């Protein structure tokens, strides 16, 4: 399940590398960074060894995605919509897992929410930095991406505070994140932005 | 006192986000990064949990600054000079606190000075990376910013070496940093740069 | 030996700073980042205090390189070829040392190889981010740089797996990395890249 989310993230990284005229190394670096960067950032900030290093599957999955993009990148546009759906599921999953891990390490609610959302969107920010484009999650012409993650993370933190951190709550929080992201994509919802 | 410096840093981050056409999420991310990024960088390099996560006030202050900029960003130009003064005070404070913390963790003088200056200017560098502009502290057309921080940090390190690490020295080092930064702004002083 | 590699890396950082119109602070920051950034990244990911902070020589060497570039940058072009050779030797050395350190910390083969290669090329990526140019190692018009490092790291990891991690193997792995990089420069070899 987690690996499917990692795969979707990695596809977006490797595809951006093709667009930016990077070579195979650049594709692999962007795939790994997009897929695992958020979790690595979270774990470094928590002061623990990145989970990405503990299981070969985490590091191999983005390499598989790189190979897929290398060979079929011209046909991937046809499944772009499907990849966005899997990506949204990944955001839901990662913000929940990330917030839970931060709470487990003893962080208070607000920092745990921020670290949880970082798990979900941090990889994309690192991808954009390496590919030298404005971080998508920060731009006003992007559909909501960080806000669903922050919402899902907040549900988890409130659940722990109310002592109802059950598996049902976790699934619910991930589902809310996923649904809000899909609605934002469908109806082109954007985050508020300052008037100029 | 520390929160005032954080607030000034966060104002510069959120204002840059407005300039760069980011949305509310982008403003909050840039405010948090500018205000807390230097200290987080220092703490990650020291191998300790970022101080920013230990007290809600650290994370909330940049959010307040974001709200202020969101509503009043068109009027903030009038107080730009004042913000620069508070920002300079923040640089003085953070380079002293950062160097002291690094020395406390057993670092030698030179690495402690570098980490202390990183505390003070690192957040601004991360802000510029996310907003995709040349890091201000590196450019030759910027007034001195890192050099006052390095000077203040050096005073602290020399003080520890000479065993005179009193509160008076800390205040003096912060004051020297603040004064040098203000003079650099007033008289447009720049760091040396190579002839081309 | 290690300091010679650090010096070569720092020369490339400080020279890029001159090209990008940075001041003396920018030169020093780029020199330190290029020379030590890869190792610091590796150590942060391993959860240990960066080796760069343990010995003054590590931090001082890039400052010496900065001074050299500041004074003689117009004459450095004549020795550019020589600097490339030393740089390639540095890549060989750092990928071997980095992989060995990661294995020592108990990492499995694949993560150790990735961290070893990160030690060697990570500083250059950070340099390019700060100087706002496409990371050289990712671009398709660059000669192979990361691939030799990955190869050398793989030799070390396989050696440990086969229980032949002798000094001879380490020297051999560094030599293979160095030779492949020099051949790539000489014959303009590039990494594979996707057809568009």
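The values are calculated or read from the model by the stated rules, or taken from the named source; none is laboratory data. Keep in mind it's a predicted model, so treat the numbers as computed, not measured. As a convention, Cβ positions derive from the backbone with ideal geometry for all residues, glycine included, and neighbour counts pool all protein chains shown.
Residues are listed down the side, and each one gets a yes or a no for (1) in a helix (DSSP H, G or I); (2) in contact with a strand residue (DSSP E or B) (Cβ under 9 Å, 6 or more places away or on another chain); (3) modelled with pLDDT under 90:
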position	(1), (2), (3)
B:151	yes, no, no
B:155	yes, no, no
B:165	no, no, yes
B:170	yes, no, no
B:175	yes, no, no
B:181	yes, yes, no
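Tell me which residues, restricted to segment B:67-90, are closer than 24 Å to residue B:26 by Cβ and within 17 Å of the chain's Cα centre (by Cα).
Within segment B:67-90, B:80, B:83, B:84, B:86, B:87, B:90 meet the criteria.
Could you go through segment B:102-125 and let me know if any residue there is away from chain C (no Cβ under 13 Å), over 28 Å from residue A:132 (Cβ atoms), in contact (Cβ under 8 Å) with a residue 60 or more places away in the chain and surrounded by 21 or more Cβ atoms within 10 Å (Cβ to Cβ).
Scanning segment B:102-125 turns up no residue that is away from chain C (no Cβ under 13 Å), over 28 Å from residue A:132 (Cβ atoms), in contact (Cβ under 8 Å) with a residue 60 or more places away in the chain and surrounded by 21 or more Cβ atoms within 10 Å (Cβ to Cβ).
For residues in segment A:46-62 being facing chain C (nearest Cβ under 9 Å) and surrounded by fewer than 16 Cβ atoms within 10 Å (Cβ to Cβ), which is farthest from residue B:43 (Cα to Cα)?
A:60
Output the residues belonging to segment A:13-27 that are surrounded by fewer than 24 Cβ atoms within 10 Å (Cβ to Cβ), outside any loop (DSSP other than H, G, I, E, B) and either within 7 Å of another protein chain (Cβ to nearest Cβ) or within 11 Å of the chain's Cα centre (by Cα) (or both).
A:18, A:24, listed by residue number.
Output the residue which, of all residues in segment A:48-64 that are without any contact (Cβ under 8 Å) to a residue 12 or more places away in the chain and not in a helix (DSSP H, G or I), is farthest from residue B:52 (Cα to Cα).
If we take residues in segment A:48-64 being without any contact (Cβ under 8 Å) to a residue 12 or more places away in the chain and not in a helix (DSSP H, G or I), then A:55 is farthest from residue B:52 (Cα to Cα).
Conditions (1) within 11 Å of chain A (Cβ to nearest Cβ); (2) part of a helix (DSSP H, G or I); (3) at pLDDT 95 or above, marked per residue:
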| residue | (1), (2), (3) |
| --- | --- |
| B:10 | no, yes, yes |
| B:29 | yes, yes, yes |
| B:39 | no, yes, yes |
| B:42 | no, yes, yes |
| B:74 | yes, no, no |
| B:81 | no, yes, no |
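Within segment B:152-175, does at least one residue satisfy the condition of being within 8 Å of chain C (Cβ to nearest Cβ) and on the phi < 0 side of the Ramachandran plot?
There is no residue in segment B:152-175 that is within 8 Å of chain C (Cβ to nearest Cβ) and on the phi < 0 side of the Ramachandran plot.
Please specify each residue of segment C:146-189 satisfying the condition of being buried (at least 17 other Cβ atoms within 10 Å of the Cβ), farther than 14 Å from residue C:88 by Cα and within 21 Å of the chain's Cα centre (by Cα).
Passing the criteria: C:153, C:154, C:155, C:156, C:157, C:169, C:170.
Listed residues A:9, A:82, A:70; which is surrounded by fewer than 22 Cβ atoms within 10 Å (Cβ to Cβ) and in contact (Cβ under 8 Å) with a residue 40 or more places away in the chain?
Going through A:9, A:82, A:70 in turn, just one is surrounded by fewer than 22 Cβ atoms within 10 Å (Cβ to Cβ) and in contact (Cβ under 8 Å) with a residue 40 or more places away in the chain: A:70.
Considering only segment C:126-145, state which residues are modelled with pLDDT under 95, within 15 Å of the chain's Cα centre (by Cα) and closer than 17 Å to residue A:32 by Cα.
Listed by number, the residues that qualify are C:135, C:137, C:138.
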